[in-house]
Amino acid sequence: MTVQHQVSVFNDAKADAFAQRFTGTLNEAALAIMTSLGHRAGLFDALAANPGLTSAALAEKAKVNERYLREWLGVMVTSGIVDYSPEPGSYTLPPEHAAFLTRAASPNNMAVTTQFIGVAASVEDEMLDRFKTGEGLCYGHFDRFHEVMAEGSAQLVVANLVDGILPVVPDLIARLQAGIDVADFGCGAGRAMLRLAQAFPKSRFTGFDLCADAFAATEREARAAGIDNLRFEVRDLSSAQKVGRFDLVTAFDAVHDQADPKGFLALIHRSLHDGGVFLMQDIGGSRDLEKNIGKPFAPLLYTISSMHCTPISIGQGGPGLGAMWGVETAEEYLAATGFASVKTHLLPHDPINAYYVARV
């Protein structure tokens, strides 16, 4: 019997196209890092408020060093982000670009999201080691993780919470107005609970998180504002058997990172009154790789999953579900936990996440 092997013919056109694509990849990666820097330094805000300035004048407005600013502007001009007039050497951020790069553009400020590239890159050495050992990471490995997550969540979740997200649960707003008990499991910075506490003063809100430093700033802000229907509590939810009973429990981008996601959902189920509601937001990808091909944010989400979500779970002794555990898995886990009904919603304001309504 003769075995024939198919000979692969080198495709020069395909190779050239790939080389050009990767030239673009390197340039876009550099742009992402510099966009993050520009966002944190307030440079896009300064550009939008002061069009047509020289680098010296802009540096004075932005209160930054002119030499570093000029180099940063070189990135922005050659990337097509900022317009440049050689005479008199002035820079302008087009309003169409400012609509996605300034703080005034929130919740559409995509510069916020570029910060995740730096967060991921900060643990490259640690992850190189973990690729060999299979070990995980802990939150302490990430200097800015809570800060970046809070800012990203403020755009996608908090800004749309009352008008865009809560309405997926019929009559929930009326119940919150009348007064119910609400808890956020894995509250992070606690901005969602602060927003709800302000909007619904007759309801009572509790935020649980493993790390006190995550919600410390929000707790101080609430106390200074005299908000008395909100409290935060440090709690390791991975080992808790009971934390109270609530009418509504929320979990925003929290479940897949847990050491025991099924146990976490079971705790939520036990923590709800009869007729209670669990509102969960998580990444809206699929567990089937082929279904994520072509989705706009798929490479970014897999990167964040590789460099944060998966090793954080493994570091706690968890299964390492990762951010792309999938809508299918989430629905299966919720049903297996014992929720009587589960409905999944994709919302127009959010191209990344899915929102789940599960009832006891």
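Ignoring lysines fewer than eight residues from LYS295 along the same chain, the ones with Cα atoms less than 23 angstrom from its Cα are LYS14, LYS343.
Can you tell me the length gained on complete extension of the stretch ASP171 to GLU124, counting 0.36 nm per residue apart and subtracting the Cα distance?
Numbers: separation 47, 0.36 × 47 = 16.92 nm, distance 4.63 nm.
Gain on stretching ASP171 to GLU124: 12.3 nm.
With respect to the chain, whose longest principal axis is taken over its alpha-carbon atoms, helix 124-133 is tilted by about 60°. Rounded, prolate or oblate: which fits the stretch 12-103 when a ≥ b ≥ c are the square roots of the eigenvalues of the alpha-carbon gyration tensor, with rounded for a/c under 1.5 and prolate only if a/b beats b/c? Prolate, since a/c reaches 1.5 and a/b exceeds b/c. As a proxy for reagent exposure, ASP143, ASP45 were ordered by neighbouring Cβ count within 10 angstrom, fewest first; the result is ASP143, ASP45.
If R₀ is 25 angstrom, what is the calculated FRET efficiency for the pair LYS343 and LYS262, using the beta carbon separation as r and rounding to 0.05? Provide the component values of the computation, followed by the final result.
Values: r = 20 Å, r/R0 = 0.80.
Rounded to the nearest 0.05, the efficiency is 0.80.
Of the labelled figures (1) 1.11; (2) 0.98; (3) 1.03, only one reflects Rg/Rh (Cα atoms, Kirkwood Rh) as derived from the coordinates, namely (3).
Using only the alpha-carbon atoms, how far is helix 12-41 inclined from the longest principal axis of the chain? Give it as 0 to 90 degrees, nearest 10. Computed tilt is about 70 degrees.
Against the main long axis of the alpha-carbon atoms of the chain, helix 326-337 sits at an angle near 10°.
Which of the three applies to the stretch 251-295, rounded, prolate or oblate, going by the alpha-carbon gyration tensor with a ≥ b ≥ c and a/c under 1.5 meaning rounded? Display every interim value, and only then the final one.
On the way: a/c = 3.20, a/b = 2.17, b/c = 1.47.
Taking the square roots of the gyration eigenvalues as a ≥ b ≥ c, the stretch 251-295 is prolate.
Could you tell me the center-to-center distance, by alpha carbons, between the stretch 339-360 and the stretch 59-135 in angstrom? For the stretch 339-360 versus the stretch 59-135, the Cα centre distance is 33 Å.
Using a cut-off of under 17 Å, list every residue of the stretch 79-107 whose amide N is near the label point 7 Å from the Cα of ALA56 along the Cα-to-beta-carbon line. Residues passing the 17 Å test: 85-91.
As an exercise, use a Förster radius of 30 Å and the Cβ-Cβ distance of ARG103 and THR303 to find the FRET efficiency, rounded to the nearest 0.05. Mind showing how you got there, number by number?
Values: r = 25 Å, r/R0 = 0.82.
In this case the efficiency is close to 0.75.
Exposure proxy shown here: for LEU53, LEU37, the number of other Cβ atoms within 10 Å sets the order, fewest to most, as LEU37, LEU53.
Starting from 0.36 nm per residue, how many nanometres of slack lie between LYS291 and GLU331 once their C-alpha separation is accounted for?
Details: separation 40, 0.36 × 40 = 14.40 nm, distance 1.67 nm.
Going from the current span to full extension adds 12.7 nm.
The spacing between the stretch 159-182 and the stretch 248-284, judged by their C-alpha centroids, is 17 Å. Extension gain for the segment PHE18 to ARG245, taken as residue separation times 0.36 nm less the Cα-Cα distance, is 76.1 nm to one decimal.
Apply 1/(1 + (r/R0)^6) to the Cβ-Cβ distance of THR25 and PHE131, taking R0 = 22 Å, and write down the FRET efficiency to the nearest 0.05.
Working: r = 21 Å, r/R0 = 0.96.
According to the calculation, E is roughly 0.55.
Computed over neighbours whose Cβ is under 10 Å from that of ALA330, the net charge equals -3, Lys and Arg +1, Asp and Glu -1.
Fewest Cβ neighbours within 10 Å first, please rank ARG103, ARG191 accordingly.
Working: ARG103 14, ARG191 24.
The order, fewest Cβ neighbours first, is ARG103, ARG191.
Each reported figure results from applying straightforward, stated rules to the coordinates on display, with no laboratory input. As the structure is a prediction and not an experimental result, all values here were calculated from the model. Glycine gets a Cβ as well: all are built from the backbone with ideal geometry, and neighbour counts include every protein chain shown.
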